[in-house]
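The values are calculated or read from the model by the stated rules, or taken from the named source; none is laboratory data. From a predicted model like this one, the values you see are computed outputs, not experimental measurements. With ideal geometry, Cβ positions are generated from the backbone for all residues, glycine too; neighbour counts draw on all protein chains shown.
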Amino acid sequence: METHIGRGGYGPALAGGLLALRQLAETPELRVEFPALLDEAPRRAWADELVALESRAREAGRGLKQSEALAMLEEALAAGDGLVPESVSVHEFADGALASLDPFTGMYWPADLDELRRATQGAFFGVGIRISLRDLALTVSSPLANTPAADAGLQAGDQIVSVDGRSTAGWTLARAVRAITGPEGTRVVLGVRREGEEEVRDVSIVRSRIDLDSVQGWSLLPAEAGVEAGWSHWIDAAAGIGYVRLTQFLPQTADDLKAGLEGLRADGSLHGLILDLRFNPGGLLGSAIEIADLFVDDGPLVETIDAAGNVRDKYQARRRGTDTELPLAVLVNRGSASAAEIVAGILGDTGRAAVVGERTYGKGSVQNVFWNPGERSTRPPRWGMKVTTHHYRLPGGAVIHRAPGADRWGIDPTIEIPVPDQFVAWGVELRQELDVLRGPGAAPPLLTRSHPAVQRVGLDPLDPQDEGARERVEVPGLQPEDLLDLGLDPQLEAALLLLKTRRVEAAALGGS
């Protein structure tokens, strides 16, 4: 526990792990899975032993030595011998011990490794679809652009009734993902039923590398006339205002953003950029630094500090390849975290951008992963510990991490615009439907009946007495501009107005 930024010692971590074991012993629902826990006397004796050990651990606190903590853990495992498998006890203890230190410290088990690789590498091997459970049926939410699934003609709303001949009835999303993804170059056969049809057709698809799209635009354009599907980044082409939405920070995010900016600059008419970081949970620090460095040419960008405030790493802006003239507005909200907060904070602190929206989440901590390599270093790791080791500090000196009991955290916007939760929900729902890649003949977007876009086309709200009425209905003709026309996104409206105003001011002063 010496590496954890809190330096709380072994006592608190041990107590957290023992508490998790006690919850395992005392949860009635688990007695079906572990029948030995039905024997009340040994189960109660184990729980009492765990209470006593936990009390000793909390009393010892920081002063507990590593050897003492290990000995107490051995006592706890021995007391539960025969009640649950030791592997289960170790798993629960480790999760509880690390989770007690802070919300972002935890374990990586073998089952977590695929998701970890996807999150850090921004890619996976599969067919290229987003899936969901709709009325308990495994359903394609959207094919991803320029992927094997899109090439095979899969559409939003298609039901996947089988995978390689196995029925998907009763499957969880996790099981479906495991079945559909697989090694590159292998084949998977999906049994697909198109919405409104009875026939099930087998679609054979060869899995390939799918790069996650972390740089998105204002409108998704379908493939046509030999041109691949892709994003238009113009939110107001007449005013020369571009729009980029970053969903996370992956290894390729900075390069993809550069490509998007080059496309906007191609005809020389880019006069402002909205960088939307709302609901962006973060990602790789290196990616965030690369992106901030595109717009800041000098001075410190961010540094990492330990619990005593000592600087561990310091990152400086580089002049090469920097655009210091393009007017910027950055959108943030409560869902903007970690690397997203770093980018918004750097651009705001340096005066490079106006930050519009709401105060951000406040996740300003650094996690390092310590892997157990197994018996030989050449083997894949069997588990890893993700431990919070440092905090970030911005150019203006602020530490954005939200500490327990703190009244200040995150990034405070330059222009604060709160949005009612219902408007946020409507906006997210509309945006999700607009981001679906729809080919010729695909069904129109589906929205809840209470959505303002539904009311606009004259459909009545859902009548609770009408059992046959559908909660979600088709709404043809939706456009991204509906977010603004319906007043669902006042933060975006403000950012757009700000950049247009600056464009007018620049023109009045003789600028471009």
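A few remarks follow.
- Given (1) farther than 30 Å from VAL163 by Cα; (2) modelled with pLDDT of 95 or more, number of the condition VAL206 does not satisfy: (1)
So that you can scan it fast, the table gives a plain yes or no per residue for (1) out of contact with any Leu (no Cβ under 9 Å at 6 or more places or on another chain); (2) more than 18 Å from ARG130 (Cβ to Cβ); (3) surrounded by fewer than 16 Cβ atoms within 10 Å (Cβ to Cβ):
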| site | (1), (2), (3) |
| --- | --- |
| PRO404 | yes, yes, yes |
| ASP407 | yes, yes, yes |
| VAL419 | no, yes, no |
| TRP426 | no, yes, no |
| ARG438 | no, no, no |
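- Residues of the range 112-122 that are of a type in the set (Gly, Ala, Ser) and at pLDDT 75 or above: GLY122 alone.
- Contact map, the range 77-105: first residue not assigned by TED's automatic domain parsing to the domain that holds TRP46, second residue modelled with pLDDT under 95 and of a type in the set (Lys, Arg), Cβ cut-off under 6 Å, separation 6 or more or different chains; the map is empty.
- Considering (1) touching a Phe, Trp or Tyr at 6+ places or on another chain (Cβ under 6 Å); (2) in a loop (DSSP other than H, G, I, E, B), the lone condition that THR322 does not fulfil carries the number (1).
- Residues considered: ASP158, ASP114. Of these, the only one that is buried (at least 17 other Cβ atoms within 10 Å of the Cβ), of a type in the set (Asp, Glu) and within 30 Å of VAL215 (Cβ to Cβ) is ASP158.
- A single entry from GLU481, GLU433, GLU467, GLU474 fulfils the requirement of being of a type outside the set (Val, Ile, Thr), surrounded by fewer than 18 Cβ atoms within 10 Å (Cβ to Cβ), modelled with pLDDT of 90 or more and out of contact with any Phe, Trp or Tyr (no Cβ under 7 Å at 6 or more places or on another chain): GLU481.
- The range 203-227 - residue that is surrounded by fewer than 19 Cβ atoms within 10 Å (Cβ to Cβ) and among the β-branched types (Val, Ile, Thr) and, of those, farthest from LEU246 (Cα to Cα): VAL203
- Subset of the range 142-198 [charged (D, E, K, R), within 30 Å of SER219 (Cβ to Cβ) and in contact with a strand residue (DSSP E or B) (Cβ under 7 Å, 6 or more places away or on another chain)]: ASP158, ARG193
- All of (1) part of a strand (DSSP E or B); (2) within 30 Å of ALA292 (Cα to Cα) hold for PRO251 with one exception: (1).
- Scope the range 379-397; condition charged (D, E, K, R) and over 24 Å from the mean Cα position of the chain (by Cα); matching residues: ARG379, ARG382
- Residues located in the range 26-58, provided they are under 33 Å from the mean Cα position of the chain (by Cα) and surrounded by 13 or more Cβ atoms within 10 Å (Cβ to Cβ): LEU30
- Lone unmet requirement of (1) of a type outside the set (Asp, Glu); (2) modelled with pLDDT of 95 or more; (3) assigned to a loop (DSSP other than H, G, I, E, B); (4) under 23 Å from the mean Cα position of the chain (by Cα) for ILE400: (2)
- In the condition set (1) closer than 19 Å to GLY362 by Cβ; (2) without any contact (Cβ under 8 Å) to a residue 24 or more places away in the chain, ASN280 is compliant with all but (2).
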